[in-house]
Structure formats: structure tokens, C-alpha cells
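Asks: Quick one: this structure, given as C-alpha cells, is what I'll be asking you about.
The values are calculated or read from the model by the stated rules, or taken from the named source; none is laboratory data. Keep in mind it's a predicted model, so treat the numbers as computed, not measured. Cβ placement follows ideal geometry from the backbone for every residue including glycine, while neighbour counts extend to all protein chains displayed. Accessible surface is based on the protein model in full, side chains and every heavy atom, while ligands, DNA and RNA are left aside. Shrake-Rupley method; radii C 1.70, N 1.55, O 1.52, S 1.80 Å.
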Amino acid sequence: MRNQAIFIGTLLLLGVMSCKQEEPKQQEATETETEAAYREPHRPRFHFTPPAQWMNDPNGMFYLDGEYHLSYQYYPDSTVWGPMHWGHAVSRDLVRWEHLPVALEPDSLGYIFSGGSVVDTANTSGFGSLDNPPVVAAFTHHDPEAEKAGRDDFQNQSLAYSLDRGRSWTKYEGNPVLKNETQIRDFRDPKIIWHPQTGKWVMALAVYDRVQFYGSPNLKDWSYLSEFGIPGDTRLWECPDLFPLEDPETGEIKWVLIVSIQQEAPNGGTATSYFVGDFDGTRFIANPAAQQWLDWGTDNYAFVTWDHAPVGPQERVGIGWMSNWQYAQEVPTEAWRSAMTLPRVLTLRAVEGGYSLNSSPVEALEALRGERTDLGRWAIAKEEEVTGAFSPSQCELLLHTDMENTTAALFGMTLSNGKGDRLILGFDRENQQVWVDRRQSGPKGFSEDFFKGPHTAPFEAEDLRDLRIYLDVASLEVFAGQGPLNFTEIFFPEAPYDTLTFWADEGVWVIGSGTVFSLDGIWETP
């Protein structure tokens, strides 16, 4: 009860829940504190953040009756990781969010680790009815006492269900429904999907360095199906997600397996990867050597998708945790820790030898656009400051590069402030690399890993024709070429970045057309 009281009290503080009329002095104080909460240094303005305290992986995501539900790993008593709960919020557009009370709290079986939720429309579980189908959450019960005792079976899979559109949850009295009998300590993060061809639910489960698949007719009784991994891989896998996507050109159905890797990502630490293959209801078949990266930056982890979302067979909508386990608990924020990435739409793209994923920001973000600054056609020879009706700390840039007339070997943009902090986004045409340099992005001292770099990613020249870039106080998200290249990085300047400079070396960067939009925040109170 204490944890729930803290959470609800925080929501009241932030003005996101209705409350009874307060005495004038107390009401005035609440409004002042609310305003102060959103002046916190580094608090994003249009990304999801918890009202306070610690947050990591997105969990339990489903869509029902016009609402997208987002749960997340949450510790309401501290800004560092602790006994995990499921925080909870809802949105009608994936952009503006309403905080709700904690969905799931720890109990006698343990902490509430990551998992997913499904809308059981046929009531296969028997938790609801055909008229009122249940939402069923599958999650990992993590028993800290069994872990301390040195046992291997301290992570098991359990269920909870809701009959009121996710507002309240009842844990299944038969928990756990899938016990760890593998002798492998890392046995977690269930993500479930209905497989209509075989008439069963399929669970993807992270089991140390691989994914195991289980099947069930009713979400309660599970049987082992198969597993998929990379021979010889010793990295820790987490947060799997299995789903089909239709090729927009041929109509062929391929299956995508998303897996987050907790170490040795392309730019260090954690990152989200995926495989594209086939699934017959029992086995996922793909080339283990064809692991691809969903995002090349350091700060998109545990990316998973919404169940039951109102999209067609060619799209899947998801979101990731915008941080990295190398430094997540050390970043210099005070009242809260961590944000989510912008929500993104995944689509298939045929490439030589197979498929990859395009990842683009959801269209609803355009509703946040405010003042527009048109850059027109612009040839950047050395350095040019970009000015207009926008703040470099809270804006969207749409840049169309004229590749035929661009001669610069290197070009890009720099964010800076009067304190001497700077963040550089560059494009190296000769080596076909995009790079982000945050080594001088703000005061050091909180993490050596954070300031390593620059961070790089490969690109195709065509990707640079269309650049969509989001800047939000302490984060950068780059979408190049309509989605094949994604790059997400966070940073913590001593003062907000107030200067944006375009630059080019050894030639000219020709912007055929460019637009900068100021973006509204999503957390303003009435």
C-alpha cells in the first residue's frame, strides 16, 4: 500500500489525475511544484517519462477501446533499480499520455519483471467472457530470496488479468504457469502472440543466450515447442518479441524476432536486434548469422510492440527504453530516471539476400508541430547557424539532401550552448558512416562509458536524401531514408542547447529543401 500511495501522490503532484478541491494555499503550492517538475534539467518534453523515480523496459503493451496501454518496469521508491513493479499509462494517439496507478506490485512470489499483455478476444483463458474478453498479462516472477540462496529456478512465468480495460488487475491464483525447469538462471520476459494457423498462443521467452518458444491453448497450460539462438553466442538475450509482417510489394508473410542484447552492442553496452525468418507455429527458422540492429545508437533497448494495435498486416507499432545499462542508473537526473523512445512503426523492406526493417516515427507526432521555419535551398560551404521560430532543444528537422550537387566529404550539424557543451551529428560519405559525438556534450564524472565514442553506423548514400531528426532537451533520434537507418542517443548538457549549426568540410553540403518545426510538449497541465 505504501508504494501505491507514493505513486498516486506523485501523480497528484504532477496534475495528471483529477482531485477534490484543495485549500487555496495548498492548491497554489501544487501548481508551483507542478511547474517546477517540468523545469527539471534534462526532462524530455515530448517523450514518455515516469512522473518520478526509476523506469526501464516497456511492458504489457496492448490496444483496446481506443487506448494504447503502456506498462513499464518501475521502482516507485528510488531513482535506481529496485523491486520491480509495472507502472502504467494510457494514450489515445501514442503521443500524449495519462498516468495511471501501478498495475502490478511485487508479492510473495517475487518482483514483477518484464512481459507482455494480450487481448484474449475468444476468452480462451476463461478469465472473462465473450462479451467482456479479458486482457491477460504474462510476466516473470523474480524471487529474490531464491536468487540469494543460489537456486537456479528463481524466475518463473505468471499471469494477471483485467476485466475493466486495464484499470485493475487480478493475479491468477494458479501462478506460476510456466516454471523454470531448465537449470538456466535467466528465464524471463514472456511475450505472447496468437497463432491462428495452429490455433494456439505462442510465447517467446528469453533463456540466457537464446529464445525458447512455448505453446498453449488457454494461456495457462504451456508446453515446450523449440528454441532459436546463435551457436557459440554467450551474450545475454532479453525481451524477445515474435510477430508476422507482410511484404508490401509481394504480399509474402515473414516473421520477425526482436531480441535485445545486454552487452557487446555495435557501440557498446545494450541494444535491440532482430532476425527475419519464418515461423510454422512450432519453429522459428532464420539465419543465425543474419542478426540485424534495429537502432545503431546506444539508447534504444528492450524495444517491443503493441498487441491488438489498429494497424494492417504490413505494420507493427512499438517503443523502446531510451537508455543503456552501462550508465542508466548513473545519469544526472534527480527526481526521475529514464525516458522511452518515440513510438515507431515497423515495416518490412526487401534487400539483397533477404529482408530488413524500416522504422519510422508514428504519424501522430505531427500533431505536436508548432511554428514552421522553411530553410529553402541552402548550400553549406563551411558553417552556418540555423535560426528561426524554434528552440534547438525541442524541434523536428526535415532535411532533403541534394546528393548530386553535394560535394562535401563530411557534413552534419552541431548543437552547442554558452557553457561550451556540444553534440555533433556527422555524415562521412567516403567511409559511408554516420557518427554521433557526445564526448563533450555536458559535464563528465557520472560514467566513463557514457563519454566513449564517437558512435558510428553504416549507411547507404540514398539514405541521406531524406533525414528526419528529433531533438528533445536531452535526446537525439535520427531517421534516415524513410526508416532503414535509426540512431538514438541521449546526452546531458549543463544548460539547454541554444545554438544549431550546419557545417561541411572539403566541399559543399547542398540541402535541396529543409524545414524545422518547433514541437509542443505533451505534459503541460491545463
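Asks: In the stretch 347-369, is there at least one residue being open to solvent by 50 Å² or more (accessible area, probe 1.4 Å), small (Gly, Ala, Ser), farther than 18 Å from Leu464 by Cα and modelled with pLDDT under 95?
Replies: Yes, the stretch 347-369 has at least one match.
Asks: Condition first: in contact with an Asp or Glu (Cβ under 7 Å, 6 or more places away or on another chain) and loosely packed, with under 15 Cβ neighbours inside 10 Å. Now tell me which residues in the stretch 370-404 satisfy that.
Replies: Within the stretch 370-404, Gly370, Ala389 meet the criteria.
Asks: Considering the stretch 85-121 alone, what residues qualify as being within 25 Å of Val202 (Cα to Cα), part of a loop (DSSP other than H, G, I, E, B) and touching a His at 6+ places or on another chain (Cβ under 9 Å)?
Replies: Scanning the stretch 85-121 gives Leu109, Thr121.
Asks: Kindly state which strands (runs of 3 or more DSSP E) lie completely within the stretch 166-245 and contain at least 3 residues that are crowded, with 19+ Cβ neighbours inside 10 Å.
Replies: 187-195, 200-207, 210-216
Asks: Take the stretch 425-451 and flag every residue that is open to solvent by less than 60 Å² (accessible area, probe 1.4 Å) and under 23 Å from Thr406 (Cβ atoms).
Replies: Leu425, Gly426, Phe427, Asp428, Val434, Trp435, Val436, Asp437
Asks: Follow-up question, since we're still on this one. Among the residues of the stretch 246-263, what is the count of those that are open to solvent by 10 Å² or more (accessible area, probe 1.4 Å), among the polar types (S, T, N, Q) and within 24 Å of the chain's Cα centre (by Cα)?
Replies: The total comes to 2.
Asks: Oh, and also: Take residues that are over 26 Å from Arg39 (Cα atoms) and tell me which of the strands (runs of 3 or more DSSP E) falling wholly in the stretch 435-505 contain 3 or more.
Replies: 455-458, 466-472, 485-490, 499-505
Asks: Sticking with this one: Name the single residue that is most open to solvent (accessible area, probe 1.4 Å) among those in the stretch 264-286 being under 15 Å from Asp233 (Cβ atoms) and either of a type in the set (A, V, I, L, M) or free of Cβ contacts under 8 Å to residues at least 40 places away in the same chain (or both).
Replies: So, considering only residues that are under 15 Å from Asp233 (Cβ atoms) and either of a type in the set (A, V, I, L, M) or free of Cβ contacts under 8 Å to residues at least 40 places away in the same chain (or both), the one most open to solvent (accessible area, probe 1.4 Å) is Glu264.
Asks: So, one more: Hey, any hits in the stretch 57-69 for a residue that's part of a loop (DSSP other than H, G, I, E, B), modelled with pLDDT of 95 or more and among the aliphatic types (A, V, I, L, M)?
Replies: No, the stretch 57-69 contains no residue that is part of a loop (DSSP other than H, G, I, E, B), modelled with pLDDT of 95 or more and among the aliphatic types (A, V, I, L, M).
Asks: While we're here: Condition first: more than 24 Å from Met203 (Cα to Cα) and open to solvent by 30 Å² or more (accessible area, probe 1.4 Å). Now tell me which residues in the stretch 122-146 satisfy that.
Replies: If the condition is that a residue be more than 24 Å from Met203 (Cα to Cα) and open to solvent by 30 Å² or more (accessible area, probe 1.4 Å), then Asp131, Glu145 are the ones that fit.
Asks: I'd like to check something: does the stretch 93-107 contain any residue that is in contact (Cβ under 8 Å) with a residue 12 or more places away in the chain, among the basic types (Lys, Arg), in contact with a Gly (Cβ under 7 Å, 6 or more places away or on another chain) and surrounded by fewer than 19 Cβ atoms within 10 Å (Cβ to Cβ)?
Replies: no
Asks: Which condition breaks for Pro454 when tested against (1) buried (at least 17 other Cβ atoms within 10 Å of the Cβ); (2) of a type outside the set (A, V, I, L, M); (3) free of Cβ contacts under 8 Å to residues at least 40 places away in the same chain?
Replies: All conditions are met except number (1).
Asks: For the stretch 147-158, give me the residue count where each residue is touching a Lys or Arg at 6+ places or on another chain (Cβ under 6 Å) and open to solvent by less than 50 Å² (accessible area, probe 1.4 Å).
Replies: 2
Asks: Just to be sure before I move on: is Tyr161 open to solvent by 20 Å² or more (accessible area, probe 1.4 Å) and over 25 Å from Ser260 (Cβ atoms) in the structure I sent?
Replies: yes
Asks: Taking Glu396 as the residue in question, decide whether it is outside any strand (DSSP E or B), within 23 Å of Leu294 (Cβ to Cβ) and either among the hydrophobic types (A, V, I, L, M, F, W, C) or within 25 Å of the chain's Cα centre (by Cα) (or both).
Replies: In short, no.
Asks: Looking only at residues in the stretch 253-294 that are aliphatic (A, V, I, L, M) and in a loop (DSSP other than H, G, I, E, B), which one is nearest to Pro361 (Cα to Cα)?
Replies: Residue satisfying both the conditions and the ranking: Leu294.
Asks: Kindly provide the set of residues from the stretch 295-314 that are part of a loop (DSSP other than H, G, I, E, B) and open to solvent by 10 Å² or more (accessible area, probe 1.4 Å), ordered by number.
Replies: Trp296, His308, Ala309, Pro310, Val311, Gly312, Pro313, Gln314
Asks: Also, quick follow-up: I'd like the full set of residues that are assigned to a strand (DSSP E or B) and within 16 Å of the chain's Cα centre (by Cα), limited to the stretch 356-376.
Replies: Leu357, Asn358, Ser359, Ser360, Pro361, listed by residue number.
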